[in-house]
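Chemist: After the structure tokens below, expect a handful of questions from me.
The values are calculated or read from the model by the stated rules, or taken from the named source; none is laboratory data. Being a predicted model, the structure only gives us computed values, none of them experimental. As a convention, Cβ positions derive from the backbone with ideal geometry for all residues, glycine included, and neighbour counts pool all protein chains shown.
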Amino acid sequence: MSKIDIKSMTLEEIKNEVIKLQLPAYRAKQIYSWLQHKGVTDFEHMTNLSNDLRQKLNEKFFISNTNIEKRLASNIDNTVKYLYVLNDGKYIESVLMQYHHGYSMCISTQAGCKMNCSFCATGKGGFERNLLPSEMLSQIQTAQIDNNIRISNVVLMGMGEPLDNYDNVLRFLKLVSSEDGMNIGMRHISLSTCGIVDKIYDLMQEKLQLTLSISLHAPNDEIRNKLMPINKKWGINSLLKACKEYIEHTGRRISFEYAMINGVNDSIQCANELASRLHGMICHVNLIPVNSIENGQYQKSSKEHLYKFIEILEKNGITATIRRTLGSDIAASCGQLKGKHTKEVHN
């Protein structure tokens with residue numbers, strides 16, 4: 001019999017398991033606290049449980065861990081980049097960022113990614129598997145323990161496409177926001193997608209108070225088809241239609257991520273076209289100087305282009321900002337550290 005992933009279970013589910021073991025219900029809350037609050041990696045660490053109970057738990061369940069393989073700390077802004085190794089030897093990345101309001105963690109939802117966006121280092125390495133809810137939680141817990149801090153904001157924008165791992169991501173969101181768990185409120189969580197339209201409609205029905213970020217990166221299908229293969233399945237018209245319906249249904253503003261690439265999508269014409277498409281939407285545009293990746297063909301836009309792009313958007317009533325670059329000295333964008341590590345191991 002294969003073991004069950006206990007950290008991905010809700011408190012109610014653990015209570016049901018405790019009852020099956022003919023134990024008092026309060027034991028469930030003790031177990032849940034060890035898993036969610038303290039982030040233990042072994043049943044032996046649950047010291048207020050009897051040896052017999054710990055043994056029973058170990059026979060039926062397993063605890064997913066994310067162990068630190070590499071840790072890079074920025075000398076510029078206190079950003080910390082983690083390369084984690086999972087129980088099965090797969091590698092994922094996370095980034096811890098410090099802001100005036102507290103600590104934010106950018107986590108991965110998959111080992112690798114299927115989307116193969118042309119400017120993304122993660123996609124170059126291919127797809128390996130979906131992450132469990134517990135593995136998403138563990139990224140946060142491991143960083144908290146490593147730095148002796150509390151993380152108050154979570155961004156699902158690391159390796160992988162969150163909506164391609166929809167069920168596990170939804171369960172993670174339920175666990176991480178639970179008052180009995182880590183209690184990180186939905187308004188402190190951001191989920192980024194490249195545009196899986198049917199799942200945006202599914203997420204809309206959940207009416208979650210999180211921030212939905214759309215990786216748009218182009219104002220039309222011609223450019224977006226070259227940058228993001230997903231656009232060939234769901235073009236910009238169908239994507240933006242889904243976004244408008246999401247805003248109307250949830251009352252939540254959408255954030256559009258736009259990687260500024262020199263000579264590709266940063267022209268005045270592109271800015272005007274983007275402004276026209278987003279006109280009337282409750283949204284925010286986050287301009288991102290594109291990251292240069294190994295063997296990559298793209299270069300970031302000049303500051304002149306960035307500020308001109310913002311000027312055009314704002315003249316058309318669209319709020320826009322330039323994302324603050326963090327951890328530039330440690331290659332903090334996802335996929336770079338794993339790729340470098342893999343190359344080192346095989347050389």
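Chemist: For segment 97-137, name all the residues that are part of a strand (DSSP E or B) and of a type in the set (Val, Ile, Thr).
Modeler: 107, the sole residue that qualifies.
Chemist: Condition (residue is surrounded by fewer than 20 Cβ atoms within 10 Å (Cβ to Cβ), under 30 Å from residue 297 (Cα atoms), hydrophobic (A, V, I, L, M, F, W, C) and without any contact (Cβ under 8 Å) to a residue 60 or more places away in the chain) applied to segment 209-219: is it met by at least one residue?
Modeler: no
Each row is one residue, and each column tells you yes or no for (1) polar (S, T, N, Q); (2) in the same structural domain as residue 300 (by TED's automatic domain parsing); (3) over 22 Å from residue 310 (Cα atoms).
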| site | (1), (2), (3) |
| --- | --- |
| 181 | no, yes, yes |
| 192 | yes, yes, no |
| 201 | no, yes, yes |
| 217 | no, yes, no |
| 223 | no, yes, no |
| 238 | yes, yes, yes |
| 243 | no, yes, no |
| 251 | no, yes, yes |
| 265 | yes, yes, no |
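Residue-wise test of (1) hydroxyl-bearing (Ser, Thr, Tyr); (2) under 30 Å from residue 188 (Cβ atoms); (3) in contact with a Leu (Cβ under 8 Å, 6 or more places away or on another chain); (4) at pLDDT below 95.
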position	(1), (2), (3), (4)
244	no, yes, no, no
249	no, yes, no, no
252	no, yes, yes, no
255	yes, yes, yes, no
258	yes, yes, yes, no
267	yes, no, no, no
272	no, no, no, no
275	no, yes, yes, no
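Chemist: For residues that are of a type outside the set (A, V, I, L, M) and buried (at least 18 other Cβ atoms within 10 Å of the Cβ), scanning just segment 94-112, find the one that is farthest from the chain's Cα centre (by Cα).
Modeler: 103
Chemist: From the set of residues in segment 74-93 that are surrounded by fewer than 19 Cβ atoms within 10 Å (Cβ to Cβ) and acidic (Asp, Glu), which is farthest from residue 129 (Cα to Cα)?
Modeler: The extreme case among them is 77.
Chemist: Any chance segment 305-326 includes a residue that's at pLDDT below 95, touching a helix residue (DSSP H, G or I) at 6+ places or on another chain (Cβ under 7 Å) and part of a strand (DSSP E or B)?
Modeler: There is at least one residue in segment 305-326 that is at pLDDT below 95, touching a helix residue (DSSP H, G or I) at 6+ places or on another chain (Cβ under 7 Å) and part of a strand (DSSP E or B).
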